[in-house]
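Laboratory data are not the source of any read-out in this text; all were calculated from the coordinates shown. Remember, it's a predicted structure, so these values are computed and weren't measured experimentally. Virtual Cβ from ideal backbone geometry, glycine too; neighbours counted across all protein chains shown.
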Amino acid sequence: MTYQSKTFFSSVSRKSKFSSFSFIAALLLFLVLSFNANAAKRKDASKIWVGTWSTAPYFVDANNRAPVPGLANNSFRQIVRVSVGGDVIRFHFTNLFSKNDVTFKSVGIAVSTGGSSIDVASAKVLKFAAKEEVTIKSNEELISDPIKFPLKPGMKVAITICFGDAGPEIGGHAASRTTSYLLEGNQPLTADFSKAITTDHWFVTSGIDVMAPKTTAAIAILGNSIADGRGSGTSKFNRWSDILSERLLKNPATKNRAILNLGIGGNCVVRGGQGEPAAVRFDRDILSQQNVKWLIISEGINDIGGVRSADQAAKMANDLIDAYKTMINKAHAKGIKVYGATILPFAKSSYDKDFRHPIRDTVNNWIRTSGNFDGVIDFEKVMSDPQNPNTLLPDLHSGDFLHPNEAGYKVMGEFIDLKLFE
């Protein structure tokens, strides 16, 4: 009996020790998992979405649509250059300004290695709510699911869309200054596009966000064709915004500053022009971007070029200034600093009329002296001819006395003080 009791209590003791050990092990496992989960949360909390590339969408007219055989049921590869990098990204697509729904059978991304070629090993397929195929309704926009992708600063990314339905009227950015590639049929992401039809347009794709440290922030540019890069080299990525981006990335104090170019060729500030006027598109194209901390406004020359008489001149100057004030106030309400870029001279161009030059002088003087802007980027100072201040320097324009050439854009991009963005 005594022996049995000892055995019984010994067994109970061993069970108690085992139970205690199990409890401690479970507790330790719980603590480790909780620590890892909290660490992951802290890691996620230390990062934010930041726009690393963007372009302003607008209605693409019949002269700038995709070439035959069109986008429907075919594959279209577009190349973009990002600014800041990261390991998790997501893509924005737009069907604004379209009367047709657009279907993606699949969308692939890869590192661009030049021309239509890609690094096949880097290729990945995007998903939308965990599915590859998706339809964007007319006048709607879409964001992809986040995807892991080793995005390097300044990297060129190829975006290959296999379209289903895609009517002829479609939104995009016609003046891409970058060659895209159209291949007949729904081709695999890694297909050879070397024999594709080329076109210098972007369609449907409108932005890329990257998950980045909280110290990362974006600089948005609101502008016209001079921001959009008319006169720059096709697929050379040498707009003044590209030159600025390269400088920011190389400078230790600004290496985490992204550039978002929302310029539209022919765009106006208050009325007319290509795309919606800047005052109308401002909330969508600027304020909806991810983590913008600075804004450069480089607009106005097309409004001035549209003035038909001396009687309209004073009103146009006042309208531009009022629009600038409204945009500055909206940006300031979002904590965004706003820098005003002076309007370039246009004598000898198609805009050259005696009554138009005083408008530019009035607006530029206001930009420099009113104190409404947080800073001034005086492009006129480095681009105008000292012998004829109303004219661009002869070696810095593209031949039309209105748009800079590649050398001119280099001067503009290198002129901007990086300390504005520290």
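Modelled label-to-label distance, N73 and K325, 7 Å Cα→beta-carbon offset: nm?
The two pseudo-label positions are separated by 5.7 nm.
What does the C-alpha gyration tensor say about the overall shape of region 118-181? Classify as rounded when a/c is under 1.5, otherwise prolate if a/b is larger than b/c, or oblate.
Oblate shape, in that a/c is at least 1.5 and b/c is the bigger or equal ratio.
Using alpha carbons only, how many degrees (0 to 90, rounded to 10) separate the axis of helix 2-45 from the longest principal axis of the chain?
Approximately 0 degrees, to the nearest 10.
For a quick check, take a GNM of the chain with Cα springs below 10 Å and name the residue from V107, V157, V88 with the largest mean-square fluctuation.
Comparing V107, V157, V88 in the GNM, the peak value goes to V88.
Over region 263-419, what is the relative contact order in whole percent, taking alpha-carbon pairs under 8 Å and six or more residues apart?
Over region 263-419, the number comes to 20 percent.
Charges only on Cβ, +1 for Lys and Arg, -1 for Asp and Glu: so what's the dipole of the chain about the Cα centre, in debye to the nearest 20?
2300
What is the distance in Å between the Cα centroid of region 377-422 and that of region 149-181?
That distance is 29 Å.
Can you tell me the 0 to 90 degree angle between the C-alpha axis of helix 240-250 and the longest principal axis of the chain, rounded to 10?
Once rounded, the angle reads 40 degrees.
Residues with beta-carbon under 13 Å from that of P252, excluding P252: net charge, scoring Lys, Arg +1 and Asp, Glu -1?
Charge balance in the 13 Å sphere: +4.
I'd like the antiparallel share, as a percent to the nearest 5, of DSSP beta bridges with both residues in region 194-293.
Roughly 10 percent of the DSSP beta bridges within region 194-293 come out antiparallel.
With a/c under 1.5 counting as rounded, go ahead and sort the chain into rounded, prolate or oblate using the C-alpha gyration tensor (a ≥ b ≥ c being the square roots of the eigenvalues; past the cut-off, prolate if a/b is larger than b/c, else oblate).
prolate
Relative contact order of the chain, please, whole-number percent, based on alpha carbon pairs below 8 angstrom and at least 6 residues apart.
17
Using 0.36 nm per residue, how much length does the chain from A310 to D283 gain when fully extended, once their Cα-Cα distance is taken away?
6.5 nm
Given the options S370, I297, V88, identify the residue whose Cα lies farthest towards the positive end of the charge dipole of the chain (+1 on Cβ of Lys, Arg; -1 on Cβ of Asp, Glu).
My answer, from the dipole projection, is V88.
Just check region 57-210 against the gyration tensor rule for me: Cα atoms, a ≥ b ≥ c as the square roots of the eigenvalues, rounded for a/c under 1.5, and otherwise prolate or oblate depending on whether a/b exceeds b/c.
Judged from the Cα gyration tensor, region 57-210 comes out rounded (a/c under 1.5).
At a Förster radius of 51 Å, what calculated FRET efficiency corresponds to the Cβ-Cβ distance of S46 and E132, to the nearest 0.05?
0.95
Going 7 Å from the Cα of D165 in the Cα-to-Cβ direction, what parts of region 112-155 have a backbone nitrogen less than 20 Å from that spot?
Inside the label zone: 128-129, 131-143.
Taking a cut-off of 25 Å between Cα atoms, list the lysines near K99, but don't count ones fewer than 8 places away on the same chain.
Output for K99: K127, K131, K137.
Nearest 10 degrees, 0 to 90: what angle lies between the long axis of helix 406-415 and the longest principal axis of the chain (Cα atoms)?
70
For H332, H357, which order do you get if you count the other beta carbons within 10 Å of each Cβ and list the fewest first?
Sorted ascending by nearby Cβ count, the order is H332, H357.
Roughly what would the spin-label model give for S122 and I143, points 7 Å off Cα along C-beta, in nm?
2.4
Taking the beta-carbon count within 10 Å as an exposure proxy, list V102, V111, V82, V68 from fewest neighbours to most.
Listing V102, V111, V82, V68 from fewest to most nearby Cβ atoms yields V68, V111, V82, V102.
If you take every DSSP beta bridge fully contained in region 213-422, what fraction is antiparallel? Give it as a percent rounded to 5.
Of all bridge pairs located within region 213-422, approximately 15 percent are antiparallel.
According to a simple spin-label model (label point 7 Å from Cα along Cα-to-Cβ), what is the distance in nm between K348 and A333?
Each label point lies 7 Å from its Cα, and together they span 4.5 nm.
Counting alpha carbon pairs within less than 8 Å and at least 6 residues apart, what relative contact order, in whole percent, applies to region 57-210?
Contact order relative to length: 40 percent.
Can you flag which of K330/K381; K315/K348; K214/K315; K156/K348; K353/K381; K293/K381 are past 32 Å Cα-Cα?
Violating the 32 Å Cα-Cα cut-off are K214/K315; K156/K348.
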